[in-house]
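**Q** For reference, the structure I am asking about is given below.
The values are calculated or read from the model by the stated rules, or taken from the named source; none is laboratory data. Since we're looking at a predicted model, the values are computed, not measured. Every residue, glycine among them, receives a Cβ derived from its backbone with ideal geometry; neighbour counts consider all protein chains shown.
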């Protein structure tokens, strides 16, 4: 079974982005901002969804922007069991520095999710 990033795990439609922008709660970190919204009307067991935005202001080089995206997707995939179901997350990279290490990004993203109560308490 593949561990890819499936379509149903992505925020893709403009209407979904509008919901996240209007209703989502915001947390700012050093290198990213997170908007989080829980879809209470969704079916039970629906997995969390993710959207990633890395603009050209971050880096003019596509490989650098792709590195940010790959690392954030991998964090989402590996930490998915900790993320509440029916949660939509929009990660916007705001740093104009090079992508930090996977470990640093993971710590920052988990800290921001914890601030927004997007992580299931153990």
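**Q** Do you know which of the residues in the stretch 22-51 that are over 18 Å from residue 110 (Cα atoms) and modelled with pLDDT of 90 or more is surrounded by the most Cβ atoms within 10 Å (Cβ to Cβ)? Before the answer, list the steps.
**A** Here is the first cut: in the stretch 22-51, the ones over 18 Å from residue 110 (Cα atoms) are 22-23, 39-46.
Now drop any that are not modelled with pLDDT of 90 or more, which leaves 22-23.
Values: 22: 9, 23: 13.
Selected residue: 23.
**Q** Quick one: in the stretch 63-100, of everything that is modelled with pLDDT under 90 and under 16 Å from residue 31 (Cα atoms), which residue is surrounded by the most Cβ atoms within 10 Å (Cβ to Cβ)?
**A** Across the stretch 63-100, the extreme among qualifying residues is 99.
**Q** Being in contact with a strand residue (DSSP E or B) (Cβ under 8 Å, 6 or more places away or on another chain) and exposed (fewer than 14 other Cβ atoms within 10 Å of the Cβ) is the filter here; which residues of the stretch 52-62 pass it?
**A** Applying the first criterion (in contact with a strand residue (DSSP E or B) (Cβ under 8 Å, 6 or more places away or on another chain)) to the stretch 52-62 yields 52-55, 58.
55 - this is the single residue of the stretch 52-62 that is in contact with a strand residue (DSSP E or B) (Cβ under 8 Å, 6 or more places away or on another chain) and exposed (fewer than 14 other Cβ atoms within 10 Å of the Cβ).
**Q** Tell me which of these residue 29 doesn't satisfy, since it passes every other one: (1) in contact with a strand residue (DSSP E or B) (Cβ under 9 Å, 6 or more places away or on another chain); (2) under 19 Å from residue 114 (Cα atoms).
**A** Here residue 29 clears every test but (1).
**Q** Please find, within the stretch 101-122, the residue that is modelled with the highest pLDDT out of those that are crowded, with 17+ Cβ neighbours inside 10 Å and outside any helix (DSSP H, G or I). Please lay out each step first, then the result.
**A** Within the stretch 101-122, the first condition is being crowded, with 17+ Cβ neighbours inside 10 Å, and the residues that meet it are 105-106, 108-109, 112-113, 116, 118-119.
Okay, now just the ones that are also outside any helix (DSSP H, G or I), so 116, 118-119.
On the way: 116: 86, 118: 71, 119: 68.
That would be 116.
**Q** Out of all the residues in the stretch 83-100, which are part of a loop (DSSP other than H, G, I, E, B) and either free of Cβ contacts under 8 Å to residues at least 60 places away in the same chain or within 21 Å of residue 40 (Cα to Cα) (or both)?
**A** To start, the set of residues in the stretch 83-100 that are part of a loop (DSSP other than H, G, I, E, B) comprises 84-86, 94-100.
Of everything in the stretch 83-100, those that are part of a loop (DSSP other than H, G, I, E, B) and either free of Cβ contacts under 8 Å to residues at least 60 places away in the same chain or within 21 Å of residue 40 (Cα to Cα) (or both) turn out to be 84, 85, 86, 96, 98, 99.
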